[in-house]
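So the structure is just underneath, and the comments pick up after that.
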Amino acid sequence: MTEKTLDQALQTANTAKSSKRNLYSVYLIFILLLAYTFSFIDRQILSLLVEPMKRDLSISDTQMSLLQGLSFALFYTLMGLPLGRLADSKSRRGIIAGSIFVWSLMTAACGLAKSYWGLFFARMGVGVGEAGLSPAAYSLIADSVEKKHLSKAIAVYTMGIYLGGGMALIVGGMVIQWAAEFSSITLPIIGEVYAWQAVFLAVGLPGLLLVPFLFTLKEPSRSQVQEKPVAVSEVVKFFKHNKKTVLLHNFGAALASVAGYGALAWVPSYLIRVHGMTGGEVGLAFGIIVLFCGAGGVIVGGILADKRYKAGQTDAKMRVAMWAMIIGIIPTVIYPLISDLQLVLIILAISTFFANFMMGLGPAAIQEVVPSNMRGQFSALYLFIVNLIGLGLGPTLVALSTDYIFGSPEMVGYSLLLVTSIAMASSAILLGKCLPHYRKTLISLEKN
């Protein structure tokens, strides 16, 4: 065999190997995307059930916001830290499979709750279950795809937020429209439940069907072999040397999440209270916006960042996210001030598109800017800060503004304007301050 023939054979073999790896990577991301989609269906369905739940449980906007935010976020963030540490040394697919099992059962438990506090504790359980998903998923993706495609891969996974949120709104809206004729529904074995309780049962239990598919995934070798978790002292040392990068990035993302989660939680009520839409109409209209504009924003953000990275802009992920926040403030301020419903929905769609660039770029940046044997832990820290502030405070700040600043449920649009615009502007400032520190950390990692 000539040297030329040998080279051609090796090239063909490498091409086939690369094609097989790419095909598996697509399958891996698809399964993880389904898991994230199910998690957000279970998490987001609550926003469409605000009005019937307030009526049947006799609770205020502020109490409702605690179900949407704090009850879930508190345990979601706290449990994320130890589960993220486990993801750096233990089976990531096993952690994800267990997480799906727990959150699916606890979502169904929300449908069996008989009181406000029963529902509050069931939502805590959903948070505990979902805490194990993303740190392990980010780590799996980072060890399964090429670095030059990382932003797009993380962005596709992050689409689960919008697929799940959009489907929760669309399907939930259809169910609510059907159930509007009934104050309660009688189910086999379970007996009589409120219509909104039946919705929780309907969206929670199907997630269990995904668990077996997690065991078809491979546990990839880590780019830094780690038989046991890296010493806490090493993690602390890295954090101290790079704290400005980590904290400015994490808190910039957290403030972006205040805007995002605040809008997801209260835009449905804004459209119902201010523009007279029904729950079914809101589910379809806002569901389509979340599904296409939210997912479009995260994908376009990932593509733009990867292009800028290939062009030599090492801080592309942070820079693209910063400009998205700046541009997104404009439609975010405008839509609550307009009375024409069609124009409101168009501008809301533009706001949703730009506001969600950070949702994919934030976690992608973490995979790039920390050592691979610390990814799970720093992803968990990122999720701890982002969700405790974004998910824990976003819905509640809007509700507190409605209840105590504007003093009327019909003023929820002004609460959205106030909270989301300030959050996005503050996010842009922190991300801008992060840029030089981010570049410095990347340089130090390349030297090691």
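The values are calculated or read from the model by the stated rules, or taken from the named source; none is laboratory data. If you're wondering where the values come from, they're calculated on a predicted model, not measured in any experiment. Neighbour counts run over all protein chains shown; Cβ positions are idealised from the backbone, glycine included. Heavy atoms of the whole protein, side chains included, go into the accessibility calculation; ligands, DNA and RNA do not. Shrake-Rupley method; radii C 1.70, N 1.55, O 1.52, S 1.80 Å.
The table for this structure:
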quantity	calculated
Cα gyration tensor, the stretch 87-178 - rounded (a/c under 1.5), prolate or oblate	oblate
Spacing of the two label points (7 Å from each Cα toward its C-beta) at ILE405 and SER60, in nm	1.6 nm
Taking N as its residue count, the alpha carbon Rg of the stretch 337-448 over 2.2 N^0.38 Å	1.36
In order through the stretch 158-170: 3J(HN,Hα) via Karplus (6.51 cos²θ - 1.76 cosθ + 1.60), integer Hz, x for Gly, Pro	5, 4, x, 4, 8, 5, x, x, x, 5, 4, 5, 5
Where the stretch 301-365 is the region considered: accessible area per residue in Å², 1.4 Å probe	40 Å²
The stretch 116-179, accessible area per residue, ligands and nucleic acids excluded (1.4 Å, Å²)	28 Å²
Dipole axis of the stretch 243-395 (+1 Lys, Arg; -1 Asp, Glu on Cβ), positive-most option in VAL282, GLY376, VAL386	GLY376
Dipole magnitude (debye, nearest 20) for the chain, charges at Cβ of Lys, Arg, Asp, Glu	1740 debye
Which of VAL26, LEU57, ILE45, positive extreme of dipole for the stretch 20-60 (C-beta unit charges)	VAL26
Structure-derived Kirkwood radius over Cα pairs in Å: which label, when the choices are (i) 23.7; (ii) 22.3; (iii) 26.3	(ii)
Degrees separating the helix 133-142 axis from the principal Cα axis of the chain, which is the longest one	30 degrees
Of all accessible heavy-atom area on the stretch 29-68, the percent that carbon and sulfur account for (1.4 Å)	63 percent
The stretch 212-315: GluC sites (Glu not before Pro) in DSSP coil with no more than 12 other Cβ atoms inside 10 Å	GLU227
Flagged links, alpha-carbon separation over 29 Å, of LYS240/LYS307; LYS90/LYS433; LYS90/LYS307; LYS90/LYS148; LYS218/LYS244; LYS54/LYS152	LYS240/LYS307; LYS90/LYS433; LYS90/LYS307; LYS218/LYS244; LYS54/LYS152
Label-point separation in nm, PHE213 to GLN342, each point 7 Å along Cα→Cβ	3.9 nm
Under Karplus coefficients 6.51, -1.76 and 1.60, residue-wise ³J(HN,Hα) of the stretch 67-81 in Hz, glycine/proline x	5, 6, x, 4, 4, 7, 5, 4, 7, 4, 6, 5, 6, x, 5
Residue (of MET79, MET174, CYS434) at the positive-pole extreme of the chain, dipole from beta-carbon charges	CYS434
Amide H within-cut-off set for GLY111, under 5 Å, with H built and near neighbours excluded	LEU201
Helix-only mean residue ellipticity at 222 nm for the chain, each DSSP H run of n ≥ 4 adding -39500 (n - 2.57), per residue, nearest 500	-25000 deg cm²/dmol
Mean Cα-pair separation over length for the chain, i.e. relative contact order, pairs under 8 Å, 6 or more apart, %	26 percent
Burial order of peptide ranges 71-84, 346-359 (average beta-carbon count within 10 Å, highest first)	346-359, 71-84
Carbon/sulfur fraction of accessible area - the stretch 240-379, other protein chains in place, 1.4 Å, %	69 percent
In Å², nearest 10: area of ILE422 left accessible to a 1.4 Å probe	100 Å²
Cα-based helix-to-principal-axis angle, 116-130 vs the chain, degrees rounded to 10	10 degrees
